[in-house]
């Protein structure tokens, strides 16, 4: 195993370029950012949509479901007031002599 690992490690280390290089950013703005920039520059009313609900509403439902299960769905064993107590027989009176 060591015989194979050392040559592979040497090949990987010698194949890597170690000189720092600046990589230019060639990405363009997305159509949404371009539309917002156009609306801001022209002074028109910024439009918004309800797309954020597609993310926040399911997350809210998951949090509510977890909270319901966590706080209302479990039976609490540590709550002594609601635990049923065994019925004890009434003590019999001591015999009279």
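Since every read-out is calculated from the coordinates, none of them should be taken as a lab result. No experiment lies behind these values; they were computed from the predicted model shown.
Largest first and in whole Å, the equivalent-ellipsoid semi-axes of the range 15-71 read 38, 29, 7, each the square root of five times a Cα gyration tensor eigenvalue. Against the chain, whose longest principal axis is taken from its Cα atoms, helix 53-71 shows a tilt of about 30°.
Relative to the current alpha-carbon distance between residue 35 and residue 2, full extension at 0.36 nm per residue lengthens the span by 6.1 nm. Axis of helix 31-42 versus longest Cα principal axis of the chain: the two differ by about 80°, to the nearest ten degrees.
Relative to the dominant Cα principal axis of the chain, helix 2-15 is inclined by about 50°.
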